[in-house]
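Student: Got a structure for you, questions after.
The values are calculated or read from the model by the stated rules, or taken from the named source; none is laboratory data. Just so it is clear, the structure is predicted and the values come from calculations on it, not from any experiment. For neighbour counting, all protein chains shown are included, and Cβ atoms are generated from backbone atoms with ideal geometry for every residue, glycine included.
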Amino acid sequence: MPKSSLRDLYVDELRDLYNAETQLVKALPKMAKASGNEQLREAFQEHLRQTSEHVSRLEQIFEQLGEKASGKKCLGMEGLVKEGSETMKEDYSEEVKDAAIIGAAQRVEHYEMAGYGTARAFAELLGEDEHVALLEQTLKEEKEADEKLTQLARQINPQAAEVQGRVSEGSSEGRSTAKARKAA
């Protein structure tokens with residue numbers, strides 16, 4: 001039977017978000033472990049606690065709708081998590097790896113913000129005021145997590161750039177020394 005109502009689309013969107021959040025519950029501890037910066041590690045641990053609450057809120061909405069939470073795999077989040085995993089395996093210096101992990105995490109946050117914004121808009125149109133409040137709370141937390149990552153990036157990314165500067169200086173000194181030896 002074809003899905004033809006906004007409610008059907010809303011439920012599909014919620015299932016997608018639910019699967020995305022459950023994927024993150026598994027991915028966030030790995031991101032925390034891979035982080036070299038203590039503040040970044042703590043931010044991922046805090047967001048893991050929030051993500052568990054996001055799952056609970058979605059389960060509450062499904063219960064109110066009389067729907068099962070499962071049934072849809074979020075391929076977008078699967079791809080973002082896979083990219084993040086590949087980033088964590090790269091042979092970067094600690095500071096550069098942290099900068100890369102922040103970038104991967106912010107892509108995840110933006111994806112979630114888009115999904116929650118869409119679901120909230122559908123809930124508004126369907127007159128699901130309690131759902132709107134729950135989805136808005138989660139959307140607010142996703143935005144706060146993104147802002148926290150931005151603040152950490154402002155601290156960590158310059159450290160990553162300093163690593164590059166030290167490497168570049170070392171390389172140019174090495175070239176100068178080699179030129180001097182060759183000239184002698």
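Student: Taking the condition modelled with pLDDT under 95 and at positive phi, does Gly84 pass?
Tutor: It is false that Gly84 is modelled with pLDDT under 95 and at positive phi.
Student: Residue check: is Asp16 crowded, with 19+ Cβ neighbours inside 10 Å, more than 13 Å from the chain's Cα centre (by Cα) and charged (D, E, K, R)?
Tutor: Answer is yes for this residue.
Student: Might you check whether a residue that is more than 18 Å from Glu142 (Cβ to Cβ), surrounded by 14 or more Cβ atoms within 10 Å (Cβ to Cβ) and either among the aromatic types (Phe, Trp, Tyr) or at pLDDT below 95 (or both) occurs anywhere in segment 112-120?
Tutor: no
Student: Might you let me know whether segment 68-77 holds any residue that is within 23 Å of Asn157 (Cα to Cα), out of contact with any Asp or Glu (no Cβ under 7 Å at 6 or more places or on another chain) and at pLDDT 95 or above?
Tutor: no
Student: While we're here: What number of residues within segment 48-107 satisfy the criterion of being within 25 Å of Lys143 (Cβ to Cβ) and of a type in the set (Ser, Thr, Tyr)?
Tutor: Number of matching residues: 5.
Student: Of all residues in segment 58-108 being in contact (Cβ under 8 Å) with a residue 24 or more places away in the chain and outside any helix (DSSP H, G or I), which is nearest to the chain's Cα centre (by Cα)?
Tutor: Checked segment 58-108; the qualifying residue nearest to the chain's Cα centre (by Cα) is Cys74.
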